[in-house]
Amino acid sequence: MAIDMDLDRYRELPAVHRLLMHPLTTEWLLHEARSDVVAAVQAAVDQVRKQLAEDKGGVDVSEEAILHLARELLTHRTRPNLQRVINATGTVLHTNLGRAPLAPEALAALMEAAKGYSNLELDLKTGERGHRYDHVESLLCELTGAEAALVVNNNAAAVWLVLNELAKDKRVAVSRGELVEIGGSFRVSEVMRASGAILVEVGTTNKTHERDYERALVEGVDLIMRVHTSNFRIVGFTYSPPLIALVELAHAHDVPVIEDLGSGSLVDLRSQGIGDEPSVRASVMAGVDVVTFSGDKLLGATQAGIICGKKKWIDRLKRNQLLRALRVDKLTLAALEATLKLYRDEATALVKVPTLHMLTVNAEELRTVAERLAREVTLCIGGHARCRVLETVSKVGGGALPTEEIASFALALYPISSTPKRLLAALREQSPPIIARIAKDEVILDVRTLFEWDFEELVQGVRAAADLAATNEQVNE
């Protein structure tokens, strides 16, 4: 008799073809691919069948219940893997969250270049083939003071290309204190080895003097490389030669100097009270032969490796046969060009380039935003959590200004119906996901890295996440 009852439950499962004729699925098919809808419905039926097989009591086998599950599965199936998130971490250049958000002008340029054809490698004046780098080279030279410029797909590629062209099978002097490791375990020493350059370490971890470089030059190094330690700081008993002194020393021996600036700022952030990051122009003016830096860090554009310097060296890089493997596409160039144009007026850049605006916005403005959001969140989370405004500090992130802390304000959520970890996980399950952090049993939502269009979604997401976290807590009790 029990077996017959189980069989009856299986027979109650609606057929997939019947579910596909339901008004709900008919509506879905107007907006989604049939293959996705069919797969979601089949998966829902299979999931309920599995629950029956596991003899779970109270399994709902109605069409409505299965279609509700199918809708959830369809949403998950059709949601893009790469999606927008709300960054409430307070880290402006968050590597895991895509680093620099683009300015509206860059987004518009990107869309314009993407929606049709473009003159990527066409000289509109002559009708002949042009060069893709021409679209940004003059701008880069104008903003940095360099004689020539080139763009590749990221800064590690830029360093590799420079070393491969200018120092393959040659000796390159680098201070021991500058042999850094960047994200993903990529090391300067390994990039040098891959490029074919021969590393010559000079000085010590904390102190490298002019005499250390002088000794290397006398012993026959072919190039001096300076690496800006943008992702860490050695403090205390330290010394490194002023850049202009190092350049003069190298040039006296007819040896070029290249500098990897890493984060690459086009404005002097020190004038805004932020850190001690050197500007690209300062390095060029000091006489450095080739400077490399990132496009998606302090510059605030898309991912790219930018190379600026003296024309005789840049021309050689442009002829390197492996440049084609490192070149950027039209979308990168469009976004980069639009961003660079904003830098023609520093005041405009500080307002319109999101990275610069987030780094320099006044803390009191953030307090006002935090207080407003705290009121709205308090009204909608009920008894699931307590919300207060917290004075905190934000980070620059992205391998730039590692010791710099910027005064900020945040919402601090103390869960009552769940735990901080459950609430943090529930925030990531929202659409769009909300990325926050935990400190002292509270979930912290720093407002420095929020956009105005994030506000409503943040409030609704916190409400839904608090409900979800409370439900999950009850289920696991």
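A few points about this structure:
- Counting only DSSP beta bridges with both residues in segment 218-316, the antiparallel share comes to about 35 percent.
- Protection proxy ranking, peptides 433-441, 143-151, average beta carbon neighbours within 10 Å, highest first: 143-151, 433-441
- Taking the 1.4 Å solvent-accessible surface of segment 135-224 as the whole, the part contributed by carbon and sulfur is 46%.
- What a 1.4 Å probe finds exposed on segment 373-476 is 49% carbon and sulfur by accessible area, rounded to a whole percent.
- Between helix 2-12 and the chain: long-axis angle, C-alpha atoms, 0 to 90°, nearest 10: 60
- Charge sum, other residues only, whose C-beta stays under 11 Å from Leu333's C-beta, Lys/Arg counted +1 and Asp/Glu -1: -2
- The value given for segment 381-424 is a Kirkwood hydrodynamic radius of 12.4 Å, derived from the mean inverse Cα-Cα separation.
- Excluding ligands, DNA and RNA, the accessible surface per residue across segment 315-382 is 51 Å² with a 1.4 Å probe.
- For segment 49-135: accessible area per residue (Å², 1.4 Å): 66
- As a ratio to 2.2 N^0.38 Å, the alpha-carbon radius of gyration for the chain is 1.23.
- Model label sites at Thr95 and Asp329, defined 7 Å from Cα along the beta-carbon direction, differ in position by 2.4 nm.
- Relative to the Cα centre, the charge distribution of segment 348-459, modelled as +1 at Lys and Arg Cβ and -1 at Asp and Glu Cβ, gives a dipole magnitude of about 300 debye.
- For GluC sites (Glu not before Pro), the sites in segment 30-94 that DSSP calls loop and that have at most 12 other Cβ atoms within 10 Å are Glu54.
- Residue pairs, from the table Lys395/Lys440; Lys297/Lys395; Lys310/Lys341; Lys168/Lys207; Lys115/Lys318; Lys115/Lys352, whose Cα atoms sit over 20 Å apart: Lys310/Lys341; Lys168/Lys207; Lys115/Lys318; Lys115/Lys352
- Mean Cβ count within 10 Å, highest first, over the residues of peptides 396-408, 286-298, 18-30: 286-298, 396-408, 18-30
- Other residues lying with their Cβ under 12 Å from the Cβ of Thr392 contribute a combined charge of +2, Lys and Arg counting +1, Asp and Glu -1.
- Positive-end residue of Ile306, Gly220, Ala100, charge dipole of the chain with Cβ unit charges: Gly220
- Computed lengthening from Glu219 to Leu107, 0.36 nm per intervening residue step minus Cα-Cα distance: 35.2 nm
- Element breakdown for segment 11-91 at a 1.4 angstrom probe: carbon and sulfur atoms account for 53% of the accessible area.
- Among beta bridges that DSSP assigns inside the chain, antiparallel share in %, nearest 5: 60
- For segment 102-182, the Cβ-based charge dipole about the Cα centre amounts to some 300 debye (Lys, Arg positive; Asp, Glu negative; other atoms uncharged).
- Here the chain is assigned +1 on the Cβ of each Lys and Arg and -1 on the Cβ of each Asp and Glu. Its dipole about the Cα centre then comes out at about 780 debye.
- Under 19 Å from the Glu391 label point (7 Å along Cα→beta-carbon), backbone N, segment 404-418: 405-413
- Cβ-Cβ distance of Glu121 and Asp169, R₀ of 22 Å, FRET efficiency by 1/(1 + (r/R0)^6): the value works out to about 0.10.
The values are calculated or read from the model by the stated rules, or taken from the named source; none is laboratory data. These numbers were taken from a predicted model, which means no experiment stands behind them. In this analysis, Cβ positions are derived from the backbone assuming ideal geometry, glycine residues included, and neighbour counts consider all displayed protein chains. Each accessible area value is taken on the protein alone, full model and side chains, heavy atoms only, with ligands, DNA and RNA left out. Shrake-Rupley method; radii C 1.70, N 1.55, O 1.52, S 1.80 Å.
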